[in-house]
Amino acid sequence: MLDFQYYSPTRVVFGRNAVKELGGLLKDRKKVLLHYGGGSVKKNGVFDAVVEQLKAAEIDYVELGGVAPNPKIGLIREGVKICKEQGVDFILAVGGGSVIDSAKAIALGAKIDFDVWRLYETKERIDGALPLGSVLTIAAAGSELSNGTVVTNPEGGLKRDYGADYLRPEFAIMNPEYTFTVSKYQTACGTVDILMHTFERYFTHTPDVDLTDELAEGLCRAVIRAGRKAVENGNDYEARATLMWAGSISHNDLTGLGRRGDWATHQIEHELSGQYDRVSHGAGLAVIFPAWCRYVWKEEPERFVRFAEKIWGVDTKGMTQEEAVFAGIECCENYFRSLGMPVRLSEMDIDDTHLHEMAVKGTYFGKRTLGGFKVLDEADIEAIYRIALK
Ligand code: NZQ
Ligand code: ZN
């Protein structure tokens, strides 16, 4: 096990009445930016529930809605301007990963006197950001507890991340009922993303991390069951609750403690949804991960056999090592497919036109490699896209 620090400062308020705590959590704030997405929160009543609490607690707020999935830098710049002009001292994100990430970007931009996109490009460090909190409406990205934010600049189709511990939200209000209206497709995308946040940490060469492995495997098994149930019946509270909590702890570092993660699948996917805005992050991951597995498994086949046995319940007795590896990969791919996810680029109407370009962008134009389980260069990334094609 490697040395580690664990820092997860977010207060989680979980359950059917969670929103009632909002006024108390915001009581010392002078002005709040209420940030939300494309309208789901207005349709399902979450927005009204939040506003009711703000009004009851006499919290002064200003609104900025309209965050699109794969949040764009344009609206973020608008948010930064509002914060600076109106003296906003807290951002409340009401939505999913896109809204929370957009809020984090605004929180960064409010503290600097240059364009916030520069941080995503250069990764330069700054001292802090405005504090923020969230009312979560979809179980997926885990941004409600994570230190990261991912933003798209449509100029050049670039999707870039930035991370800092001060971006971990102060609180997360989580009512699983708020996710009842999430579509089957987005529920499936979220399930894949939650699994992937643990898989990215699971594929490691670091030995002797048994406790972390057991936590990771238990989480994945629960998510596999809950994802299936929530896709079948969106109003299944227990399944929604499991997904919601798993989404948070799958990405607050708990399932990766004491070892080095991989993250290549995520980086390869970010180029995909940066290039093709219609691609949801989770669907992109469902396509890339099986291809990544097929490309890298020889680096440590034993790890893939454990993946097959402990996460997918494959009985590998009598199989060769290679058969066991592929049985696990196929179980995973079949599960994604059973949720209604695409598992090939062609199923998302993507051909080979931009594969090379995405591989180049994935290395930040030759400035970095990806991954830890197998270190990937531009040619490797392109090879993985090609495996994912058909
Ligand atoms: O915009 P609205 O109308 O709200 O609709 C959203 C959106 O269309 C809808 N939705 C959300 N809650 C709903 C709902 N529809 C009905 N009922 C509800 N209760 O779902 C759609 C997807 O929302 P989005 O926020 O984009 O989903 P998700 O949480 O999957 O976030 C994806 C973004 O997070 C980034 C991804 O790259 C992507 O840009 N990620 C952020 C991470 C982080 N900050 O730590 C880590 C992740 O790996 C990921 O990269
Ligand atoms: Zn993700």
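Pairs are defined by a Cβ separation below 9 Å, a sequence spacing of at least 6 or placement on different chains, a first member in segment 186-198 that is under 16 Å from Ile288 (Cβ atoms) and in contact (Cβ under 8 Å) with a residue 40 or more places away in the chain, and a second member that is buried (at least 24 other Cβ atoms within 10 Å of the Cβ) and among the charged types (D, E, K, R); the pairs so defined are Met196/Glu269.
The single condition among (1) in the same structural domain as Ser250 (by TED's automatic domain parsing); (2) within 21 Å of Ile82 (Cα to Cα) that Val192 does not satisfy is (2).
Please verify whether Ile76 is within 13 Å of ligand 1 (Cβ to nearest atom), modelled with pLDDT of 95 or more and outside the structural domain of His270 (by TED's automatic domain parsing), treating the condition exactly as stated. It would help to see each step written out before you state the result.
Numbers: within 13 Å of ligand 1 (Cβ to nearest atom): yes; modelled with pLDDT of 95 or more: yes; outside the structural domain of His270 (by TED's automatic domain parsing): yes.
Spelling it out, Ile76 is indeed within 13 Å of ligand 1 (Cβ to nearest atom), modelled with pLDDT of 95 or more and outside the structural domain of His270 (by TED's automatic domain parsing).
Yes or no: segment 9-29 includes at least one residue that is within 16 Å of ligand 2 (Cβ to nearest atom) and modelled with pLDDT of 95 or more. If you could, list the steps in order and put the result at the bottom.
Looking only at segment 9-29, we keep the residues that are within 16 Å of ligand 2 (Cβ to nearest atom), and these are none.
Looking through segment 9-29, none of the residues is within 16 Å of ligand 2 (Cβ to nearest atom) and modelled with pLDDT of 95 or more.
Being polar (S, T, N, Q) and away from ligand 1 (no atom under 16 Å from the Cβ) holds for only one residue in Gln321, Gln275, and it is Gln321.
Residue-level analysis places Arg259 among those that are modelled with pLDDT of 95 or more and more than 16 Å from ligand 1 (Cβ to nearest atom). When only residues in segment 135-153 that are more than 6 Å from ligand 1 (Cβ to nearest atom) and over 17 Å from Gln267 (Cα atoms) count, which is surrounded by the fewest Cβ atoms within 10 Å (Cβ to Cβ)? Among those that are more than 6 Å from ligand 1 (Cβ to nearest atom) and over 17 Å from Gln267 (Cα atoms), it is Leu145.
With in a helix (DSSP H, G or I), among the small types (Gly, Ala, Ser), within 15 Å of ligand 2 (Cβ to nearest atom) and crowded, with 24+ Cβ neighbours inside 10 Å as the only criterion, which of Ala230, Ala239, Ala246 stands out?
Working: Ala230 fails: within 15 Å of ligand 2 (Cβ to nearest atom); Ala239 fails: within 15 Å of ligand 2 (Cβ to nearest atom).
From the options Ala230, Ala239, Ala246, the qualifying one is Ala246.
Only one entry of Leu64, Leu132 meets the criterion of being away from ligand 2 (no atom under 16 Å from the Cβ), in contact (Cβ under 8 Å) with a residue 24 or more places away in the chain, within 30 Å of Ala226 (Cα to Cα) and not acidic (Asp, Glu), and that entry is Leu132.
The values are calculated or read from the model by the stated rules, or taken from the named source; none is laboratory data. Source: prediction; values computed, not measured. Counting neighbours? That spans all protein chains shown, and the Cβs are built from the backbone with ideal geometry, glycine included.
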